[in-house]
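These notes are about the structure you will find just below.
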Amino acid sequence: MFASKMKCNHSLKALSNLGLILCCQTTVNRSYTCYDIKMGKSINFKLQLHIYSNVIIVWVYKKTSEEKFPTLKKYSDKAPPTDKFATHEVKVDYEYRSVEDTSKVVPPEGRIKGYRYGPQVVPIAPSEWDAVKFKPEKSVKLLGFTDAKNILRHFYMKDVNVFIADPGNTRAILAVSALARAMKEKNKVAIVRCVWRNGQGSVVVGVLTPNVSDKDNTPDSFYFNVLPFAEDVREFQFPSFNNFPSSWQPNEQQQEAADNLVKMLDLAPSGKEEALQPNFTPNPVLERFYRYLELKSKHPDVAVPPLDETLKKMTEPDPEVLSQNKSVIDAFRRNFDLKENPKLKKSTRRFLQEKPSGSKEGEGCGDIAAQSVDSIKDTSVVKVENIGNLTPVQDFENMMSRRDGPEWIGKAIKDMKKRIFDLVEDSFEGDNYPKALECLVALRKGCILEQEPKHFNDFLRHLCKFCQKNNLSCFCEFLASKELTLISKTEAIDSEVTDDEARSFLVKSEPKT
């Protein structure tokens, strides 16, 4: 917490310790609001950095840490006004009662924690839970080194710490400096296991990035970032823009308009001071709250003031820049057909929309090829894991939309192929053919969206041969009437089928020789 607050025009009061500036700066009307931080809070803790049999004492500081919104506590006015020592705190007591007899209070010794495991609840006693806990010693242990390119930027989690050798310990300073410079020279980073406190139940794995100083009075150090475990990684698969057909990619005029827009909104233009520098850009939400809190402490009945112009500049584009570059914005608008995206109901999804009857557009691809995707359903409520008999198309779409694992797309395609075969084989006088066609259409569109044309093309060829060999040519004739085609290179760039081959491929029954 900030110990005191003071104003100083055109100057910064900085508290430096080992080259760290411990001062929060806020630009307001060409003046700075500086917060004097207690030095006792600047260092988090000391740790032992274990490099196999070598031990280096390091100090750990916070480099960046999110400033949380203050917690508002409950306040009670029930205390007597004459009580000068009243804290006005509200204390909450909980009572646990028996389900069978609600009038019976269950004492602490009669309660036990239970954890859900599938449909059941598994009780675990405190002694058992204490035995399960991992209780390592407080330390940082080196696990190994890896190339810096292997640690991607989006792997960084939580706050950033800086590791500095113990001041006054020449051996530690030399060891940290030598290690940091060697890692910098070879473009390596260190992977370490960290335990911040003795007996801590959680263990983190992080990366140490060398920070080699170019100043004589500032020692070398390491930046520490927490890395994710397998359970923390969210793998969302998206098709590459390079795999889209040329009609889905920007042309030269569109690309030039986008480039000019980016250049126009450059926050660090040549010859000018960079705007929105983090060191001089306060959180507008916190700043506005504390300003009003200070005002209300002096005037309890004061109204909420309008948004300050200084804060408004941080949350809105510069109107002067926009007016000076109106032509660039207009050019961007002309080159891109910008439309409002209407809000859709959560339960609404129109995955395929059939082409109006009698339309000649897209001749060769037919009615099926002209179908398009309109919207994507919100699948956060129900996660489908198998394609059922009742609603196979909806189940397939839900599985294809899942992004909680890389395996769902392949599983959805595989299960849909099996479902189509089952429908064709179990059909009696063609009663399952329309449903099998719907599944084929959904499979085709899903393979286009996910850039998997080979899966559909190979399956359609195999299905045709299967029908012709098993006296199911009537299904081939049914597909031929719907002009079902292969996925061409125009629809999916990874396809090996040309437009002519796709147009010439019509599923027709052929007599067996």
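The values are calculated or read from the model by the stated rules, or taken from the named source; none is laboratory data. Treat the numbers as computed from the prediction; the structure is a model and nothing was measured. Ideal geometry is used to build each Cβ from the backbone, glycine not excepted, and the neighbour counts take in all protein chains shown. Remember, those area values only see protein heavy atoms, side chains included, never the ligands or the DNA or RNA. Shrake-Rupley method; radii C 1.70, N 1.55, O 1.52, S 1.80 Å.
Things worth noting here:
- Summed side-chain charge close to Met183 - residues other than Met183 whose Cβ falls under 14 Å, Lys, Arg +1, Asp, Glu -1: +2
- Full-extension gain in nm, Lys263 to Lys489, via 0.36 nm per residue minus C-alpha separation: 77.9 nm
- Residue order by solvent-accessible surface for Phe145, Phe238, Phe222 is Phe238, Phe145, Phe222, largest first, with ligands and nucleic acids left out and a 1.4 Å probe.
- FRET efficiency for Phe229 and Asn471, using Cβ-Cβ distance with R0 set to 41 Å, rounded to 0.05: 0.15
- Charge dipole (Cα centre; +1 on Lys/Arg Cβ, -1 on Asp/Glu Cβ; no other charges) of region 229-329 amounts to roughly 360 debye.
- Computed from backbone phi, the HN-Hα couplings of region 103-117 come to 7, 9, 8, 8, x, x, 6, x, 10, 8, 7, x, 10, 6, 9 Hz, rounded to whole numbers (Karplus: 6.51 cos²θ - 1.76 cosθ + 1.60, θ = phi - 60°; Gly and Pro given as x).
- Estimated inter-spin distance, Lys339 and Tyr115, nm [label 7 Å along Cα→Cβ]: 5.1 nm
- Listed pairs Lys158/Lys312; Lys63/Lys138; Lys188/Lys263 exceeding 25 Å between Cα atoms: Lys158/Lys312; Lys188/Lys263
- Here's how it looks for Val204: its modeled amide H is under 5 Å from those of Cys194, which are all 5 or more places away or on a different chain.
- Entries of Lys74/Lys298; Lys435/Lys469; Lys68/Lys383; Lys68/Lys339 with Cα pairs more than 26 Å apart: Lys68/Lys383; Lys68/Lys339
- Set of aspartates and glutamates near Lys186 by C-alpha distance (under 17 Å), chain-local residues within fewer than 8 positions excluded: Asp147, Asp220
- Between Ser427 and any residue 5 or more places off or on another chain, the built amide H atoms are never under 5 Å apart.
- With protein chains left intact and a 1.4 Å probe, residues in region 131-173 average 65 Å² of accessible area per residue.
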